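Note sheet for the following structure.
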Amino acid sequence: MPHDSLWDAQTTVYAHLAADPALAGLLTGVFDHVPPGTRLPYITIADMDMSPLETQGGLGCDVGFTIYAYARGSGMKKTKEIMAAVFDRLHGARFDVANHEMVMCRSASSSA
């Protein structure tokens, strides 16, 4: 398992989210570092963790991360719209992750 599994996963998830026209219509961007002066709404990829997994077929890893949604306005309607679009884009998605074979992408939880 390469030591850069988190980076490989992060760059792939970033590219997958940034390429979604529906999500792009709701956001000013997808970030891991928000530049000063960035206008809302946007999402950030944060709090990543990796756990090694040994299977009969070899060594793998389970990568988890949190996506934060930020929006302005009264109430949380816009934030929940963004969260729903992120879920639609990622949950059950299939995409290539450099140096890895992706088995599953799923949402483990959501909170607002």
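Can you pull out every residue in the stretch 3-39 that is in contact with a His (Cβ under 8 Å, 6 or more places away or on another chain) and not small (Gly, Ala, Ser)?
Passing the criteria: only 8.
Answer yes or no as to whether residue 8 is under 15 Å from the mean Cα position of the chain (by Cα) and assigned to a loop (DSSP other than H, G, I, E, B). Show your work before the answer.
Details: under 15 Å from the mean Cα position of the chain (by Cα): yes; assigned to a loop (DSSP other than H, G, I, E, B): no.
Judged against the criteria, residue 8 is not a match.
Mind listing whichever residues of the stretch 35-53 are over 30 Å from residue 103 (Cβ atoms) and in contact (Cβ under 8 Å) with a residue 12 or more places away in the chain? Step through it out loud before you land on a result.
Within the stretch 35-53, the first condition is being over 30 Å from residue 103 (Cβ atoms), and the residues that meet it are 35-41.
Passing the criteria: 40, 41.
Looking for whichever is part of a loop (DSSP other than H, G, I, E, B) and within 24 Å of residue 8 (Cα to Cα) here; the options are 46, 85, 69, 93. Which one fits?
Working: 46 fails: part of a loop (DSSP other than H, G, I, E, B); 85 fails: part of a loop (DSSP other than H, G, I, E, B); 69 fails: part of a loop (DSSP other than H, G, I, E, B).
On inspection, the qualifying residue turns out to be 93.
Being basic (Lys, Arg) and without any contact (Cβ under 8 Å) to a residue 40 or more places away in the chain is the filter; apply it to the stretch 54-112 and report the residue that is least open to solvent (accessible area, probe 1.4 Å). Don't jump to the end; show me each part of the working.
Going through the stretch 54-112, the residues basic (Lys, Arg) turn out to be 72, 77-78, 80, 89, 94, 106.
Then keep just the ones that are without any contact (Cβ under 8 Å) to a residue 40 or more places away in the chain; that gives 72, 77, 80, 94, 106.
Details: 72: 194, 77: 148, 80: 112, 94: 156, 106: 151 Å².
That would be 80.
Go through the stretch 13-34 and report how many residues are in contact (Cβ under 8 Å) with a residue 60 or more places away in the chain and of a type in the set (Ser, Thr, Tyr). Give the derivation first.
Here is the first cut: in the stretch 13-34, the ones in contact (Cβ under 8 Å) with a residue 60 or more places away in the chain are 13, 16-17, 20, 22-23.
Filter again for of a type in the set (Ser, Thr, Tyr), leaving none.
Result for the stretch 13-34: 0.
The values are calculated or read from the model by the stated rules, or taken from the named source; none is laboratory data. Note that the coordinates shown come from a computational prediction; the quantities given were computed from them, not determined experimentally. Neighbour counts run over all protein chains shown; Cβ positions are idealised from the backbone, glycine included. Only protein heavy atoms, including side chains, enter the accessible area calculation; ligands, DNA and RNA are left aside. Shrake-Rupley method; radii C 1.70, N 1.55, O 1.52, S 1.80 Å.
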